[in-house]
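A short worksheet on the structure shown next.
Read the figures in this text as sums done on the coordinates, not as results from a lab. Computed from a predicted structure; not experimentally measured. Cβ sites come from the backbone with ideal geometry, for glycine too, and all protein chains shown count toward neighbours.
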Amino acid sequence: MTGVPDILWLEEIRKEDIPSVGGKGASLGEMASIGLPVPPAFVVTSQAFRRFLVQTGLEKPLFELLESLDVDDNDLLESAAQKAKDLVHKAKMPDDIKSEISIAYEKLSRTGEIVAARSSATAEDLPDASFAGQQETVLNIRGIENLLNGIQTCWASLYGARAIYYRSKQGFDHHIVNIAVVVQQLINSEKAGVLFTSHPVTGESLTIIEGSWGLGEAVVSGAVSPDNYVFDRRLERTTDRLISPKIIEIVADGNYGTITRDVEKSRQEMQVLSDDEVKRLATYGIVSEEHYGIPQDMEWAIVGDKIFILQSRPITTIKGVGAVKKENNTGSADAVILQGQGASPGIASGPVIIIDDVKDIGKVKEGDIMITRMTNPDMVPAMRKVAAIVTDEGGMTCHAAIVSRELGTPAVVGTRKATQILKDGQVITVDGEKGLIYEGVIAQQVPVVGSAQVQIASAPAKIITATSVKVNVSMPEAAQRAAATGADGVGLLRIEHLILGLNKTPNWYIQNHREEEFISELMNGIKVVLDSFPGKPVWVRTLDAPTDEFRNMQGGENEPIEHNPMLGWRGIRRDLQSPAQFKLQIDTFKRLWDLGYDNLGIMFPMVSHPREFIKAKELFRQAGVDVENVDLGIMIEIPASAVLVDDFIKAGIKFASFGTNDLIQYTIAIDRNNENVTDMYWPKHPAVLALIDQAIQACRKGGVEVSICGQAGSEPDMVTWLVEHGITSVSSNIDAIPKIRETVARTEQRIILDAARRPYGC
Ligand SMILES: Nc1ncnc2c1ncn2[C@@H]1O[C@H](COP(=O)(O)OP(=O)(O)OP(=O)(O)O)[C@@H](O)[C@H]1O
Ligand SMILES: CC(=O)C(=O)O
Ligand SMILES: [Mg+2]
């Protein structure tokens, strides 16, 4: 025999062996090689399966059955799938393969006669890992005849209806699909479950463990409500445990397969894991996470005091900036074809669609990966459809980054050359956290609805903090998601996306006497957000769109061409010079106040001198607003306003909020959208911090709320510093809220503890 053998033992396998042993086999081999307690196993390789098809003469009938099948006809599809599965399951296995499996089984039986047969799909054939779950696993197999039957059951599961449908739609050849089978000692566990090495949504360094009685299948399939344990990796102890009534368990029974039975009353409410077991499991989790360099979703089983690890794979549901920073993993490093800044976390694969011009957005299909020089508000409808977004230009605060984060769509910005290097139709994978683009589809895990993973996603209860934790919103459709974070209000509602999304400039509405239309659009959008945050403050920022963003819109033909729009005609300066445009906004706000929305506050961007605030307030007064009884505040985003904050307080601001995106660029002269200087963009530059510190102290002295709504307010490092320096609220991006709330709480607690210890000289 030449080439890869029919049988490979776990010790011979490494992660590169996916073509022969499939994803699961390769991962188990790799885990065993780093010393994780993986039960002994051998793999019946994909080459063995192929040989089986050839020697039994099944290739041709399978080909005929599937080749011209109309997979959109469900009845035809189901019946063809059933026939294909029967062919594979009932064929007589060639003697030489049989005998190799028998010899291996005999050897494995020395440590335990009962085994599991676990399908292990090869990535090339099934690039969408959501199909991994389509293949069979047979637990509790005793005896060679049962084992051969189990293996053929796994092989046959390659021809499930959904798998056939998917392959045919993706243009995969049914001829060359492959499957391996892991034959592993069955761990007849007393307790088992899953663990997430880091929080599956926020990426915090909390290990979440779910466990129940019997085999792990009960937890994985969602058949039981498991216990839930939270282990804080920094404190090295269990910080939370939720004991659930475990009504049923799945156990190994007889010679083949499992049964589900009731758990006797006395064990239902009993705690499954001791603190020591939680800690040992968490330690294995850390070993695996550090090896792969990315948080892992693992399966474990315990018999007596022995722990076994049955599976480990990357978690891709993490929304926050990840806890682990190693660069290997999720695919081979040499498949990386492009790099930029990870602007919106998440991993997605799909075909490239290059958009050079807004006119082309009609070409964008659901699931595409949109590549463009830079997005603009006209592209938002297309951005809603795509699986990921990649841009040539921009940084963490550009349009593409902000909108993608709100849509929950992975995005990489500032790649410089995505539009040149990538080609329409080319399939790529985008890692929006690390800022990497891979050729092809990199295996990833898709959360299974109703699974343990999704239950965990909504887990931890809200932490109460003295510093308010608010959220930034740009699009009304994100309001519900934003409110669901439990945020204490909206610290920044950008209205540019509402206005620019209309695709006509405010001036167009004025010139065409269509002011009412403009006001009602703006009002409806803001109202959606106000309604999502009843009784909580919502600070709406008046218009701050640079001229280049207006130019593409109807009515934008006469926008001045500015050498540097960032320093140009935007924010409050433009509104004060364009009273009609400002009035449209004021009238909108007034109507909302008149409707009883007392939670509405208005924030002026780009103010550089108190007289601008005074003039704006006067215009509100002239429009009939009771200016002393509504919240009018400013953004501190020009160094001048940070320096003059005392004077702003005298002028009557009710609050101030740091727009660090601009404050940083103006303090250290770094255009935040210019990728040539992104590396020099430094939020914690001492001059920036000095300006912020001084302004915070002035606001506190003046009794004025002081907040932050720039991107730095979504970064734990910066937020720690801000809380230490007395900021009274922070406003973060939706995806960052849990992480920021935890950061705020920890910092506050540390400040209290430090103060308490001081008198004792600790
Ligand atoms: N050796 C074993 N001993 C005990 N239980 C096992 C063993 N192998 C697997 N299991 C249990 O069986 C369940 C299903 O196994 P497996 O991981 O092979 O299939 P799957 O989860 O359906 O596949 P995929 O992970 O590819 O979607 C696991 O969740 C685990 O609880
Ligand atoms: C939010 C904003 O405007 C800024 O950070 O500059
Ligand atoms: Mg700004």
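Beta carbons within 10 angstrom, averaged per residue: use that to sort the peptides 139-151, 622-634, 699-711, highest first. Each step should come with its number before you reach the end.
Numbers: 139-151: 19.8, 622-634: 16.2, 699-711: 21.3.
Top to bottom by mean Cβ count within 10 Å: 699-711, 139-151, 622-634.
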## Note on the structure
Excluding near-sequence neighbours (fewer than 8 apart on one chain), the range 7-185 holds lysine pairs with C-alpha atoms under 24 Å apart numbering 19
#### Entry: Partner aspartates and glutamates for Lys365 [C-alpha distance under 13 Å; skip if fewer than 8 residues away on the same chain]
Asp424
## Note on the structure
Ordered by number, the GluC sites (Glu not before Pro) in the range 491-577 that occupy a DSSP loop and have at most 10 other Cβ atoms within 10 Å are none
### Summary
Diffing the range 729-734: the Karplus 3J(HN,Hα) column from phi (6.51, -1.76, 1.60, θ = phi - 60°), in whole Hz with x for Gly and Pro, holds 8, 10, 10, 10, 5, 3
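Fewest to most neighbouring Cβ within 10 Å: what's the order for Glu477, Glu64? Could you put the intermediate results ahead of the total?
Numbers: Glu477 14, Glu64 10.
Lowest count first: Glu64, Glu477.
Go through the range 366-428 and name the GluC sites (Glu not before Pro) that are in a DSSP coil and have 10 or fewer other Cβ atoms within 10 Å of their Cβ.
On the way: sites: Glu366, Glu393, Glu406; in loops: Glu366, Glu393.
For GluC sites (Glu not before Pro) across the range 366-428 that sit outside H, G, I, E and B with at most 10 neighbouring Cβ atoms in 10 Å, the list reads Glu366.
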### Task
Give the cross-link partners of Lys363 among the lysines, using a straight C-alpha distance below 17 Å as the criterion and excluding same-chain residues fewer than 8 apart.
Lys385, Lys423
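Grab the other residues whose beta carbon is less than 14 angstrom from that of Glu106, score K and R as +1, D and E as -1, and report the net.
On the way: positive: Lys98, Lys107, Arg110, Arg142; negative: Glu100, Glu113, Glu145.
Combined, the nearby Lys, Arg, Asp and Glu give +1.
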## Note on the structure
For the chain the mean separation of alpha carbon contacts under 8 Å (6+ apart) over residue count, i.e. relative contact order in percent, is 9
### Count of lysine pairs in the range 191-314 with Cα separation under 21 Å (8 or more residues apart, or interchain)
6
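Restricting to the range 336-439, what percent of DSSP beta bridges are antiparallel, rounded to 5?
Values: 15 of 25 bridges.
Approximately 60 percent, going by the DSSP bridge assignments.
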### Task
List Val730, Val607 from most exposed to least, where exposure is judged by having the fewest other Cβ atoms within 10 Å.
Val607, Val730
### Ranking of Ile176, Ile421, Ile369 by count of other Cβ atoms within 10 Å, fewest first
Ile176, Ile421, Ile369
### Message
As a test of the formula, what do you get for the chain when each DSSP H run with n ≥ 4 contributes -39,500 (n - 2.57) and the sum is divided by the residue count, at 222 nm and rounded to the nearest 500 deg cm²/dmol?
### Response
-11000 deg cm²/dmol
### Query
How about Lys617: which lysines have a C-alpha closer than 28 Å to its C-alpha, ignoring those fewer than 8 places off in the same chain?
Lys470, Lys504, Lys527, Lys536, Lys583, Lys590, Lys650, Lys654, Lys701
